[in-house]
Ligand code: G6P
């Protein structure tokens, strides 16, 4: 969370880049935004509570102009959403800093600095970084910004990505990374830093991903000096980013969430292509994947949020098809528990961003306990989780900007299904003929998803009724229970309607008490072996005056009646039905949010990428 940018340019005003870059990173946090620019005079700073646009207007009005600067868009952790807490933070007129992450020992460091006479103007942990660097920069009189940042970083515990400029050092930007993403991008006469590549892609595709512990000194001509966590001079490879600019633009859509929902046939097809072209081969997951897969006897999946629900869905496939015992755990819980490690248990992490701190720490914890094998399923190339994992499969969803995850989820499911069949084949449980059937199902999937997207007008009619509600229940059974969970999460995230999901059979053990004619009950009821059971559970709701909103399949014998609304998705999609049934709950949330007038892409209090605990 929080996005940082910075640039040293030889000719052009840095403000264009800073504001454009921040607008691209706004999905990472949107409580406040700010920039600091070394002008012909001093460093000048503009900060505003709220969106980047507001800050940009203020920067234009102030006529900010300079060749070097830093910027930040904030998701508040330490200290409220106020202008004094907005970044960049400064130490006097001399040092300006932007920071993503958390300095865990900031209280001790603040006390030390206060005793040295530093006065704090914010409640943030970041301000200690500014003063700490100021102290190192000035105390020996050598005014070496790079050395000062290195010395200050040695004092910090926690996670950070920082960009630093000094008033008397107009051609040097220092960047440091520990636990939070940061890259350097190399232009012709410009050098940039950014939390992710979306901020720089309109300017250059040549990027260098910093590693944990790296500190770099940058000028307009590139990287002048780079040291690793041991203080040794080092070089990092320059990579060409393949991110498309179009994936960052709205095009004809009103919101990124809408665009991303509609991109799913393509995203799913692109992700499935790995298996359609390469077969269900272990090598899709890495060169030595076959050996790894043969060395494991169970799986543990660690993830957060929507990715966790993808994991819950995959458990059904993995145990059913590949007969692989699978545990699924929320990463933030796992990492603080005494677990029994098993070197033959494959640790899978699932993450859209690849940088969720809890998931990352959970993986490190698993490794420290003796887990030998790890696989990351991730949508962002070169992000932290794949880099920390032995094996990787990238989903090909393209950039996902809307905070509420949509195409990342369905493509994670495709990847996990591919993994399941791969393991099943390797273990002799899936014959070639069965694998061919699964291939065909994957081939048909984008079409089925498109068919559901075409149901949008019917879903809009439901959404208009949901908009007036305060609560909703979501029910599903078996492999569709995680889809009910995902539906409830989507609804709360973007509409702020309180929503909960239950396995339909659990209704009578408590939640049924909530059901009355004000409680809409959404049911995921595909035409599978549990349909009759789900119908019985729906009777329990109808008998208590609850109104049912049922998503079922074209071929299920299920009819509308008073208090029972039905929308039919295409014929039952078999084993891939959870993917097809995700689409209507996404659309229901999206259109309910529209009807309620909430900020669909940037729901209150949330951020897309959570790099703090
Ligand atoms: C945040 C996002 C969610 C996402 C979760 C996990 O809470 O708002 O959409 O599901 O983080 O993110 P990851 O990048 O690890 O999948």
Just need the relative contact order of the range 393-520 here, percent rounded to a whole number, with Cα pairs under 8 Å and 6+ apart.
19
Using only helices, what value at 222 nm comes out for the chain when you add -39,500 (n - 2.57) per DSSP H run of length 4 or more and divide by the total residues, to the nearest 500 deg cm²/dmol?
-11000 deg cm²/dmol
Taking Cα pairs closer than 8 Å and at least 6 residues apart, the relative contact order of the range 292-437 in percent is 25
On full extension of the chain, what length is gained from residue 276 through residue 143, given 0.36 nm per residue of separation minus the C-alpha to C-alpha distance?
42.0 nm
Using packing as a proxy for protection, rank 290-299, 214-223 so that the peptide with the highest average count of other Cβ atoms within 10 Å comes first.
214-223, 290-299
Only bridges with both residues in the range 481-613 count here: give the DSSP antiparallel percent, nearest 5.
10
Burial-style ranking of 126-134, 302-310, 14-22, average other-beta-carbon count within 10 Å with highest first, yields 126-134, 302-310, 14-22
Stretch residue 339-residue 40 to full length: gain in nm at 0.36 nm per residue minus the Cα-Cα span?
101.9 nm
Using a simple spin-label model with points 7 Å from Cα along the Cα→Cβ vector, what separation in nm is obtained for residue 599 and residue 560?
3.7
For the chain, give the share of DSSP beta bridges that are antiparallel, in percent and rounded to the nearest 5; count only bridges with both residues there.
60
Given a Förster distance of 56 Å, the FRET efficiency implied by the Cβ-Cβ spacing of residue 237 and residue 506, rounded to the nearest 0.05, works out to 0.65
Counting pairwise Cα distances across the range 3-248, what percent come out greater than 26 angstrom?
30
Rounded, prolate or oblate: which fits the range 456-596 when a ≥ b ≥ c are the square roots of the eigenvalues of the alpha-carbon gyration tensor, with rounded for a/c under 1.5 and prolate only if a/b beats b/c?
rounded
Expressed as cubic angstrom per residue, what is the convex hull volume of the alpha carbon set of the chain?
154
For the chain, averaging the sequence separation of alpha carbon pairs under 8 Å that lie six or more residues apart and dividing by its residue count, the contact order in percent is 12
Can you tell me the length gained on complete extension of the stretch residue 518 to residue 283, counting 0.36 nm per residue apart and subtracting the Cα distance?
79.4 nm
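Read-outs throughout are calculated quantities, based only on the coordinates presented, and are distinct from any laboratory measurement. This structure is a prediction, so every number in the text was calculated from the model and none was measured. With ideal geometry, Cβ positions are generated from the backbone for all residues, glycine too; neighbour counts draw on all protein chains shown.
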